[in-house]
1. Return the pair list, or none, for Cβ contacts closer than 8 Å from residues in region 307-327 that are at negative phi to residues that are surrounded by fewer than 17 Cβ atoms within 10 Å (Cβ to Cβ) and modelled with pLDDT of 95 or more, at least 6 apart or on different chains.
2. Take ASN203 and tell me if it is open to solvent by 10 Å² or more (accessible area, probe 1.4 Å), in a helix (DSSP H, G or I) and modelled with pLDDT under 95.
3. Here is a list: GLU295, GLU278. Which entry is at pLDDT below 90, charged (D, E, K, R) and either open to solvent by 60 Å² or more (accessible area, probe 1.4 Å) or outside any loop (DSSP other than H, G, I, E, B) (or both)?
4. Tell me which residues, restricted to region 78-111, are open to solvent by less than 30 Å² (accessible area, probe 1.4 Å), under 23 Å from PHE18 (Cα atoms) and assigned to a strand (DSSP E or B).
5. How many residues, within region 21-51, are in contact (Cβ under 8 Å) with a residue 60 or more places away in the chain, of a type outside the set (A, V, I, L, M, F, W, C) and open to solvent by 20 Å² or more (accessible area, probe 1.4 Å)?
6. Just name the residue that is surrounded by the most Cβ atoms within 10 Å (Cβ to Cβ) out of those in region 134-175 that are within 17 Å of LYS103 (Cβ to Cβ) and among the β-branched types (Val, Ile, Thr).
7. Which one is surrounded by the most Cβ atoms within 10 Å (Cβ to Cβ), of the residues in region 52-67 that are in contact with a Ser or Thr (Cβ under 8 Å, 6 or more places away or on another chain) and among the aliphatic types (A, V, I, L, M)?
8. For region 300-320, which residues satisfy the criterion of being open to solvent by 60 Å² or more (accessible area, probe 1.4 Å), in contact with a helix residue (DSSP H, G or I) (Cβ under 8 Å, 6 or more places away or on another chain) and assigned to a loop (DSSP other than H, G, I, E, B)?
Amino acid sequence: MTPKLKHLLEVKDLQCHFRVHEGMVKAVSGVSFHLDKGETIGLVGESGCGKTTTAYAITSLLPRNATIQGGDIVFKGRSLLTNVKKDKTIDIFDEQIRKTRWKEISIIFQGAMDSFNPVYKVGDQMVEAIRVHEKVTYEQAKKRVCELLATVGIGPDRFDHYPHEFSGGMKQRAMIAMALALNPSIVIADEPTTALDVVTQYNILREIKRIQREENVAMIVISHDVTTVAEMSDRMIVMYGGKLMETSPTMDLFENPAHPYTMGLFDSIPSLTGDRKEMAERLASIPGSPPSLLEPPPGCVFHPRCPYAFEPCNKDLPPDVEVSPGHTAACFLAEDLYHKRREDEWKKLR
């Protein structure tokens with residue numbers, strides 16, 4: 001009997017670095033998480049925190065100077081890093097990863113404006129993606145593409161149009177359809193609503209959620225926009241400086257963050273309700289700048305900007321503290337901050 005898989009996807013202590021002229025950029029350092037069937041997790045954090053590198057490492061879509069220094073990525077019980085060469089670089093054309101990429105794990109790329117080849121018709125590009133992985137005729141693939149375009153609100157008459165004939169929102173919806181063309185188990189959505197107006201963003205997010213629910217697809221949503229990820233995710237992962245700061249069910253994270261960095265992110269989000277003066281007093285930015293990943297600071301990578309930092313933070317790596325079921329934070333003060341935040345919220349409600 002085949003053993004039951006614990007998780008659909010497991011990222012285990014992933015360490016992905018980039019070779020540059022100045023040295024090694026430690027883009028991802030020891031990140032671990034899992035994803036189950038039909039679940040959506042959100043990766044959030046400031047630009048350059050390692051969230052896109054983490055997600056793209058899953059399909060080996062990384063530049064030539066990328067190296068895997070340690071860890072593993074396991075999908076359906078098998079490693080996706082068998083294509084790592086002796087010099088730690090990745091063979092992106094490895095046959096096994098090419099069979100998995102797009103067929104089982106697909107991507108909604110950031111900036112659909114530039115994701116389609118401008119000299120080929122949109123429909124033909126989608127047909128090609130299907131026929132590379134499945135033995136079907138052109139007409140069979142075309143029928144499937146037209147059905148997919150219809151699910152995202154694009155008529156079959158648009159099949160023979162070029163990318164420049166699509167609006168930004170239509171390109172984004174076509175990219176969503178293309179990502180679903182082969183019924184993948186996982187879809188990675190990298191900033192799926194970047195550069196779109198608010199109404200189009202809302203419609204696209206609603207469309208993604210509907211399709212995911214109907215197809216039972218697992219998703220990884222990447223964004224620096226916390227509210228966008230919260231709209232879609234079951235769990236959220238907060239990254240900073242190439243490391244995982246906090247992971248939690250979405251609602252618990254918003255109600256009771258346990259890491260100072262997460263608190264800083266949430267305190268910088270304006271509210272559409274409430275007193276303006278009170279909101280202005282509450283809103284605050286995180287002082288300082290993200291660290292250089294060529295030479296990240298010792299100890300907790302966030303300690304130079306942390307208002308709660310004390311002596312152990314600048315020399316020792318903080319442990320992953322579980323503050324509630326499924327909610328962990330990499331901070332020496334995680335439990336104290338979590339319970340203090342809860343007490344403060346209760347006082348406001350009284």
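1. Close Cβ pairs (under 8 Å, with a partner that is surrounded by fewer than 17 Cβ atoms within 10 Å (Cβ to Cβ) and modelled with pLDDT of 95 or more) amount to HIS327/PRO249.
2. Numbers: open to solvent by 10 Å² or more (accessible area, probe 1.4 Å): yes; in a helix (DSSP H, G or I): yes; modelled with pLDDT under 95: yes.
It is true that ASN203 is open to solvent by 10 Å² or more (accessible area, probe 1.4 Å), in a helix (DSSP H, G or I) and modelled with pLDDT under 95.
3. Within the list GLU295, GLU278, the selection yields GLU278.
4. THR89, ILE90, ILE107
5. Within region 21-51, the first condition is being in contact (Cβ under 8 Å) with a residue 60 or more places away in the chain, and the residues that meet it are 22-33, 35-51.
With the extra rule that they be of a type outside the set (A, V, I, L, M, F, W, C), the set shrinks to 22-23, 26, 29-30, 32, 36-40, 42, 45-48, 50-51.
From the residues that got through so far, the ones that are open to solvent by 20 Å² or more (accessible area, probe 1.4 Å) too are 22-23, 26, 29-30, 32, 36-39, 46-48.
Number of matching residues: 13.
6. Taking the candidates together, the pick is VAL145.
7. ALA66
8. PRO307, TYR308
The values are calculated or read from the model by the stated rules, or taken from the named source; none is laboratory data. These figures come from a predicted structure and were not determined experimentally. Positions of Cβ are backbone-derived with ideal geometry, glycine not excepted, and every protein chain shown enters the neighbour counts. Ligands, DNA and RNA are excluded from the accessible area calculation, which covers all protein heavy atoms including side chains. Shrake-Rupley method; radii C 1.70, N 1.55, O 1.52, S 1.80 Å.
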